[in-house]
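Novice: Below is the structure I would like to discuss, written out as structure tokens.
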Amino acid sequence: MSEFCLGIETSCDETAASVLKDQTTVLSNIVSSQFVHSRYGGVVPELAARAHIQLIVPVTKAAVEAAGLNFSSLSCVAATCAPGLLGALLVGLPFAKALSYSLNIPFVGVNHLEGHIFALRLEHPQLSPPFLAAVLSGGHTELLEVKGWCCYRQLGSTLDDAAGEAFDKVAKLLGLPYPGGALLEELAREGKPTIRFPVPLQNTDTMDFSFSGLKTAVLYYRRDHPDARHEDIAASFQEAAISEVTNRITRAIAKTDLNTVGISGGVASNQVLRDRISLLGKKYGFRFLVPRPEFCTDNAAMIAAAGIERLKLFGPSRLNIPARARSTLADNSV
Amino acid sequence: MAVFHTASAAETINLGRRFAARLKVKDVVAFYGELGSGKTTMIKGIAGGLGVNEVVKSPSFVIITEYQGRVPVYHIDLYRISKPNELEGFDLEEYFEAEGVCLIEWAERAESLLPERTIRVRLELAGKGRRIEIGE
């Protein structure tokens, strides 16, 4: 008999719900920014727990309806419990717990970062550990060895800004609206990487990341070259940031001997980054995997996917597990 | 008011460490300065000076990060707050009254909420370094 898992994600700005059939068949995947846009005509969700409270019921209902199911056919419910904005987590998590209690089905708490790793499995159902995973988003930059499903070793992390945050902030420095990471990529397409921005932590053997110094380098360059083409600055910044990522992945491959590399998170949608790692894979002989864009950015399908696996491996979570603003996968105890 | 010039990120971190020595529980420090002016860098030093051993990362995305040093350290970043009503639910005032030290980036976005005792730090680019003004 098929399992139908409802996933709920409210760790940051998006209110998201999704229904998964078995391990990898996505029956519905509703994310508030698109949902609100189509239903209420262009209202941008605001950064407030109140927005999640307004959206959680309609978004969840829409996910169950779009899957062609009733609430009574659900077999489990999974929700993000960490890391994220506490006020936001405290909307989706208790909602999911209450739903599980009232429907008398298992509840599973999921780490948001773990969700991003399971996004790879949604796209590539045959994927099995071990593999190297890089989670690159607006709030997170993590390099992990996935030793088994739900079993991780942290290899590196950012020391300051997250990768997506760096893209968004440099976009802002170039006069693009926030969050402008995707717009920066478009702008870069019109330019050439003629400026040599230093690749952070290149002359070390760390697997950590740093983006703050690169942001400052762009700031200085703009001040000292007011006539420089923004397109070229964007292309040059992107080149340095991507080089940093590929450099760390190459280091991690050399140190771990893994032969599969997966990237996810919003930055993983960057086409230049995808092409570059793909080339690297041909050179070093690793398989490169990346989810489609709607599974890269925050979504609930990935939370449901991780939840189903956790339920299988460890059974349901207790209904009293707390929401936590910070949590790494190394100390993953959900 | 005191004015300092730092020539590198390492010097900005050092200044933060020294500044931390004068901080005590319930202090609120507000940081002002453009993107890349060194707010998070200085806060790395302050947190270190307050006994935080973890890597201090930019909290722009998560808005508030709590660290445990000799006292609790609340690192708050209002960069993504564009409208005052978006501050609802973050309970900033509760952090100001908690038994810890509050360090707030982009503090101008919550100016009206800042307590009277707030210490203001302004950072700006100066040559290849930073000019940093620390209030009373």
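Novice: Taking residue A:137, is it out of contact with any strand residue (DSSP E or B) (no Cβ under 7 Å at 6 or more places or on another chain), within 30 Å of residue A:215 (Cβ to Cβ) and within 13 Å of chain B (Cβ to nearest Cβ)?
Specialist: So residue A:137 fits the description; yes.
Novice: Continuing with this model, one more query. Can you pull out every residue in the stretch A:307-326 that is under 20 Å from residue A:32 (Cβ atoms) and assigned by TED's automatic domain parsing to the domain that holds residue A:16?
Specialist: Answer for the stretch A:307-326, where residues must be under 20 Å from residue A:32 (Cβ atoms) and assigned by TED's automatic domain parsing to the domain that holds residue A:16: just A:307.
Novice: Restricting to the stretch A:194-238, count the residues that are over 23 Å from residue B:38 (Cβ atoms) and in contact with a strand residue (DSSP E or B) (Cβ under 7 Å, 6 or more places away or on another chain).
Specialist: Going through the stretch A:194-238 one residue at a time, the tally reaches 1.
Let's see how each residue does on (1) under 26 Å from residue A:208 (Cβ atoms); (2) within 12 Å of chain A (Cβ to nearest Cβ); (3) part of a loop (DSSP other than H, G, I, E, B):
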site	(1), (2), (3)
B:23	no, no, yes
B:31	yes, no, no
B:41	yes, yes, no
B:48	yes, no, no
B:59	yes, yes, yes
B:82	no, yes, yes
B:85	no, yes, no
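Novice: Then there is this: Tell me which of these residue A:323 doesn't satisfy, since it passes every other one: (1) over 25 Å from residue A:96 (Cβ atoms); (2) outside any helix (DSSP H, G or I).
Specialist: For residue A:323, the exception is condition (1).
Novice: Another question, if that's okay. Which pairs do you get when a residue that is under 16 Å from residue B:23 (Cα atoms) and within 13 Å of chain A (Cβ to nearest Cβ), found in the stretch B:110-136, comes within reach of a residue that is assigned to a helix (DSSP H, G or I) and of a type in the set (Gly, Ala, Ser), reach meaning Cβ atoms under 7 angstrom, with the pair 6+ apart or on two chains?
Specialist: No pair meets every condition.
Novice: Additional query: Mind checking which residues of the stretch A:175-196 are within 13 Å of chain B (Cβ to nearest Cβ), over 25 Å from residue B:65 (Cα atoms) and surrounded by 19 or more Cβ atoms within 10 Å (Cβ to Cβ)?
Specialist: A:176
Novice: Could you identify the single residue in A:272, A:245 that is within 17 Å of residue A:180 (Cα to Cα) and in a helix (DSSP H, G or I)?
Specialist: Answer to the check: A:272.
Novice: Does any residue in the stretch A:201-218 that is in the same structural domain as residue A:173 (by TED's automatic domain parsing) come within less than 8 Å, Cβ to Cβ, of a residue that is of a type in the set (Lys, Arg) and surrounded by fewer than 17 Cβ atoms within 10 Å (Cβ to Cβ) six or more places away or on a different chain, and which pairs are these?
Specialist: A:207/A:255
Novice: Could you list, in sequence order, the residues of the stretch A:248-263 that are outside any helix (DSSP H, G or I) and either closer than 15 Å to residue A:209 by Cβ or in contact with a strand residue (DSSP E or B) (Cβ under 6 Å, 6 or more places away or on another chain) (or both)?
Specialist: Scanning the stretch A:248-263 gives A:258, A:260, A:261, A:262, A:263.
Novice: Could you look through the stretch A:92-114, keep only residues that are surrounded by fewer than 22 Cβ atoms within 10 Å (Cβ to Cβ) and either over 17 Å from residue A:57 (Cα atoms) or without any contact (Cβ under 8 Å) to a residue 40 or more places away in the chain (or both), and pick out the one that is nearest to the chain's Cα centre (by Cα)?
Specialist: A:94
Novice: Continuing with this model, one more query. Assess whether residue A:266 counts as being buried (at least 18 other Cβ atoms within 10 Å of the Cβ), free of Cβ contacts under 8 Å to residues at least 24 places away in the same chain and farther than 12 Å from residue A:134 by Cβ.
Specialist: Here the answer is no, as residue A:266 does not meet what is asked.
Novice: A follow-up question, please. Test each condition in (1) more than 11 Å from every other protein chain (Cβ to nearest Cβ); (2) surrounded by fewer than 21 Cβ atoms within 10 Å (Cβ to Cβ); (3) assigned to a helix (DSSP H, G or I) for residue A:172 and report the one that comes out false.
Specialist: (1)
Novice: Are there any pairs, at least 6 apart or on different chains, whose C-beta atoms fall under 6 Å, with the first in the stretch A:126-145 and among the basic types (Lys, Arg) and the second not in a strand (DSSP E or B), and if so, which?
Specialist: Note: no pairs meet the criteria.
Novice: Exactly one condition in (1) in a loop (DSSP other than H, G, I, E, B); (2) at pLDDT below 95; (3) within 14 Å of the chain's Cα centre (by Cα) is not met by residue B:37; state its number.
Specialist: Unmet condition: (2).
Novice: Then there's this: Out of all the residues in the stretch B:43-64, is one or more closer than 22 Å to residue B:110 by Cα and surrounded by fewer than 21 Cβ atoms within 10 Å (Cβ to Cβ)?
Specialist: There is at least one residue in the stretch B:43-64 that is closer than 22 Å to residue B:110 by Cα and surrounded by fewer than 21 Cβ atoms within 10 Å (Cβ to Cβ).
Novice: Among the numbered conditions (1) in contact (Cβ under 8 Å) with a residue 60 or more places away in the chain; (2) more than 14 Å from chain B (Cβ to nearest Cβ), tell me where residue A:89 comes up short.
Specialist: Of everything listed in (1) in contact (Cβ under 8 Å) with a residue 60 or more places away in the chain; (2) more than 14 Å from chain B (Cβ to nearest Cβ), residue A:89 misses just condition (2).
Novice: Restricted to the stretch B:87-109, and to residues that are touching a residue at least 24 places away in the same chain (Cβ under 8 Å) and part of a loop (DSSP other than H, G, I, E, B), which residue is nearest to residue A:215 (Cα to Cα)?
Specialist: So, considering only residues that are touching a residue at least 24 places away in the same chain (Cβ under 8 Å) and part of a loop (DSSP other than H, G, I, E, B), the one nearest to residue A:215 (Cα to Cα) is B:106.
Novice: Here is a follow-up. Surrounded by fewer than 24 Cβ atoms within 10 Å (Cβ to Cβ) and touching a strand residue (DSSP E or B) at 6+ places or on another chain (Cβ under 6 Å), is that true of residue A:129?
Specialist: Against the criterion (surrounded by fewer than 24 Cβ atoms within 10 Å (Cβ to Cβ) and touching a strand residue (DSSP E or B) at 6+ places or on another chain (Cβ under 6 Å)), residue A:129 qualifies.
Novice: Only one of B:56, B:29 is modelled with pLDDT of 95 or more and touching an Asp or Glu at 6+ places or on another chain (Cβ under 9 Å). Can you tell me which?
Specialist: After applying the criteria, what remains is B:56.
The values are calculated or read from the model by the stated rules, or taken from the named source; none is laboratory data. It should be emphasised that the depicted structure is a prediction, and the values quoted were computed from it without experimental measurement. As a convention, Cβ positions derive from the backbone with ideal geometry for all residues, glycine included, and neighbour counts pool all protein chains shown.
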